[in-house]
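Engineer: Attaching a single structure in structure tokens format; questions to follow.
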Amino acid sequence: MMTQHRLTSRDQAQARDGQDCLAPMRAHFALPDDITYLDGNSLGPLPHAVRARMTRTVNAEWGQGLIRSWNDAGWIDLPERVGARIARLIGAPAQAVFAADSTSVNLFKLLSAALALRPERRVIVSERGNFPTDLYMAQGLITQLDRGHRLVLVDDASAIPAALCDDTALLMLTHVDYRSGAMHDMAALTHQAHRVGALTLWDLAHSAGAVPLDLAGADVDFAVGCGYKYLNGGPGAPAFFHVAERHADAFVQPLAGWFGHEAPFAFEPQYRPAPGAARYLCGTPPVLAMAALDAALELWEDVDLDALRAKSLALTDAFIATIEGACPDRVLELITPRDPARRGSQVSFRHPQAYAVMQALIARGVIGDFRAPDILRFGFTPLYTRFVDVFDAAKTLRAVLETRAHERPEFQIRAKVT
Ligand SMILES: Cc1ncc(COP(=O)(O)O)c(C=O)c1O
């Protein structure tokens, strides 16, 4: 147990908040006073700047500017501009990243591009525990191609290197596991995939804005990620894609829409792909949602990502140690790696009644989430999570378990979204 990280009093937690260089960032978010919010890995909270930007975009740009705002307010450039902001956070060149579509749709486009770049190979390697949409998109594409491709799934990350072979077209992984928070070594696995001639596609849904990334340094081929989690772009915010410059011009993506055309407003009957990664755009961008994400990303401009990582690990270390100190009867099983080098920015525990426990926590103002079949998941988002949140959440979890509050009938009812 990491006893040195354990928070034993609220005063001690407050003292740590007092020393936190990122603490002033919290004032940028509209967080309710009576809520301990540990679910920014599912939905980031509302930044005040987004509210102001929405008012401007709706009233002035749409209301008054009307169609002129595509040019005058720069709507047309939003996918590129927002992509460039994200590029800084993931260690990629600005021109390699665009905001567009959902993560699922971007996965389809990039999976298709990757398989076309390795036409003689038939295997996609991934993990059985990968996020389902990643696996579904690969399965759907394989069925549609009908050329004998196979999705080879490993049960344990340690089996990935051995699964790579000279028939592997693509290694497709989620960098930080959505259930456990375990983080892969992106550079090492990308290198191993390249050694057998395969390409890599990384899902950064739980990494972008959570941990420092260096896609260029790791020589990553393709990546996708979410806008609504750590990037705080709002519910259903646009996602992003990354295409290494060496591949950008090599392939026409399958969803060849007019926004990926070299000259959309020439209205030519024949598709001609735009140069570079812009060809992976598809249709008209959702301007309101893009503007919200753009404003949310402005908050990141001066954030030191090393300080972010240091605080993230301090928060997750403190949470693990405080929970284990407060709830020592072993009813909770930690599934997040204790090794900081292997941990993203969340902490997950198994509990046989995890759904009901989470409902009881939410009823007491501590919001995390549940992932089937038995996982309590808590996200730590250093822009606004405080050490007092760690202390309060651990105290509340202990109270729920001690009083068996989760056994009440109302906490057994499953909602659609968990
Ligand atoms: C790893 C991962 N990939 C993808 C998604 C979601 O993709 P989409 O934005 O298409 O819903 C999630 C959502 O939680 C996720 O955790």
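The values are calculated or read from the model by the stated rules, or taken from the named source; none is laboratory data. In this text, all values refer to a predicted model and were calculated from it rather than measured experimentally. Cβ coordinates were reconstructed from backbone atoms using ideal geometry, including for glycine residues, and neighbour counts include every protein chain displayed.
Engineer: When the residues of the stretch 191-210 are narrowed to those that are within 14 Å of the ligand (Cβ to nearest atom) and part of a loop (DSSP other than H, G, I, E, B), which ends up surrounded by the most Cβ atoms within 10 Å (Cβ to Cβ)?
Structural biologist: If we take residues in the stretch 191-210 being within 14 Å of the ligand (Cβ to nearest atom) and part of a loop (DSSP other than H, G, I, E, B), then GLY209 is surrounded by the most Cβ atoms within 10 Å (Cβ to Cβ).
Engineer: Could I ask something else about it? Going by the structure shown, is SER158 within 12 Å of the ligand (Cβ to nearest atom) and polar (S, T, N, Q)?
Structural biologist: no
Conditions (1) away from the ligand (no atom under 16 Å from the Cβ); (2) in contact with a Phe, Trp or Tyr (Cβ under 6 Å, 6 or more places away or on another chain); (3) of a type in the set (Asp, Glu), marked per residue:
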site: ARG85; (1), (2), (3): yes, no, no
site: PHE108; (1), (2), (3): no, no, no
site: LEU111; (1), (2), (3): no, no, no
site: MET137; (1), (2), (3): no, yes, no
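Engineer: Being part of a helix (DSSP H, G or I), in contact with a Pro (Cβ under 7 Å, 6 or more places away or on another chain) and closer than 29 Å to SER42 by Cα is the requirement here; does SER158 meet it?
Structural biologist: Against the criterion (part of a helix (DSSP H, G or I), in contact with a Pro (Cβ under 7 Å, 6 or more places away or on another chain) and closer than 29 Å to SER42 by Cα), SER158 does not qualify.
Engineer: Something else about it: Answer yes or no as to whether SER126 is out of contact with any helix residue (DSSP H, G or I) (no Cβ under 8 Å at 6 or more places or on another chain) and within 12 Å of the ligand (Cβ to nearest atom).
Structural biologist: no
Engineer: On the given criteria, is ASP185 more than 16 Å from the ligand (Cβ to nearest atom), under 21 Å from the mean Cα position of the chain (by Cα) and over 26 Å from ASP294 (Cα atoms)? Working first, answer last.
Structural biologist: Numbers: more than 16 Å from the ligand (Cβ to nearest atom): yes; under 21 Å from the mean Cα position of the chain (by Cα): yes; over 26 Å from ASP294 (Cα atoms): yes.
So ASP185 passes the test.
Engineer: Does ALA291 qualify as being in contact with a Leu (Cβ under 8 Å, 6 or more places away or on another chain), among the small types (Gly, Ala, Ser) and not in a loop (DSSP other than H, G, I, E, B)?
Structural biologist: For ALA291, the condition - in contact with a Leu (Cβ under 8 Å, 6 or more places away or on another chain), among the small types (Gly, Ala, Ser) and not in a loop (DSSP other than H, G, I, E, B) - is met.
Engineer: Going by what's in this entry, would ALA296 be described as surrounded by fewer than 16 Cβ atoms within 10 Å (Cβ to Cβ), of a type outside the set (Val, Ile, Thr) and either under 30 Å from LEU145 (Cβ atoms) or touching a residue at least 40 places away in the same chain (Cβ under 8 Å) (or both)?
Structural biologist: no
Engineer: When the stretch 357-409 is examined, which residues are found to be small (Gly, Ala, Ser), buried (at least 23 other Cβ atoms within 10 Å of the Cβ) and more than 22 Å from the chain's Cα centre (by Cα)?
Structural biologist: Within the stretch 357-409, the subset small (Gly, Ala, Ser) is 360, 363, 365, 368, 372, 379, 393-394, 399, 405.
Retained after the next criterion (residues that are buried (at least 23 other Cβ atoms within 10 Å of the Cβ)): 360, 368, 379, 393-394.
Answer for the stretch 357-409, where residues must be small (Gly, Ala, Ser), buried (at least 23 other Cβ atoms within 10 Å of the Cβ) and more than 22 Å from the chain's Cα centre (by Cα): ALA360, ALA393, ALA394.
Engineer: Identify, by number, the condition in (1) under 21 Å from the mean Cα position of the chain (by Cα); (2) in a helix (DSSP H, G or I); (3) surrounded by 22 or more Cβ atoms within 10 Å (Cβ to Cβ) that SER348 doesn't meet.
Structural biologist: (2)
Engineer: Continuing with the same structure: Could you tell me whether ARG56 is more than 25 Å from the chain's Cα centre (by Cα) and either assigned by TED's automatic domain parsing to the domain that holds PRO235 or without any contact (Cβ under 8 Å) to a residue 12 or more places away in the chain (or both)?
Structural biologist: yes
Engineer: Would you confirm whether or not the stretch 244-251 contains a residue that is within 16 Å of the ligand (Cβ to nearest atom), touching a residue at least 40 places away in the same chain (Cβ under 8 Å) and not assigned by TED's automatic domain parsing to the domain that holds LEU22?
Structural biologist: No, the stretch 244-251 contains no residue that is within 16 Å of the ligand (Cβ to nearest atom), touching a residue at least 40 places away in the same chain (Cβ under 8 Å) and not assigned by TED's automatic domain parsing to the domain that holds LEU22.
Engineer: Can you tell me which residue among THR168, THR174, THR133 is in contact (Cβ under 8 Å) with a residue 40 or more places away in the chain and within 23 Å of the chain's Cα centre (by Cα)? Give the steps one after another, and end with the answer.
Structural biologist: Working: THR168 fails: within 23 Å of the chain's Cα centre (by Cα); THR133 fails: in contact (Cβ under 8 Å) with a residue 40 or more places away in the chain.
Among THR168, THR174, THR133, only THR174 is in contact (Cβ under 8 Å) with a residue 40 or more places away in the chain and within 23 Å of the chain's Cα centre (by Cα).
Engineer: Could you identify the single residue in ALA223, ALA277, ALA216 that is in a strand (DSSP E or B) and at pLDDT 95 or above?
Structural biologist: The match here is ALA223.
Engineer: Starting from the stretch 218-234, take each residue that is within 10 Å of SER42 (Cα to Cα) and assigned by TED's automatic domain parsing to the domain that holds LEU117 and list its partners that are away from the ligand (no atom under 14 Å from the Cβ) and small (Gly, Ala, Ser), counting only C-beta distances under 7 angstrom and pairs at least six apart or across chains.
Structural biologist: Pairs found: ASN232/ALA296.
Engineer: Mind listing whichever residues of the stretch 216-243 are of a type in the set (A, V, I, L, M) and closer than 18 Å to PRO79 by Cβ?
Structural biologist: ALA223, VAL224, LEU231, ALA237, ALA239, VAL243
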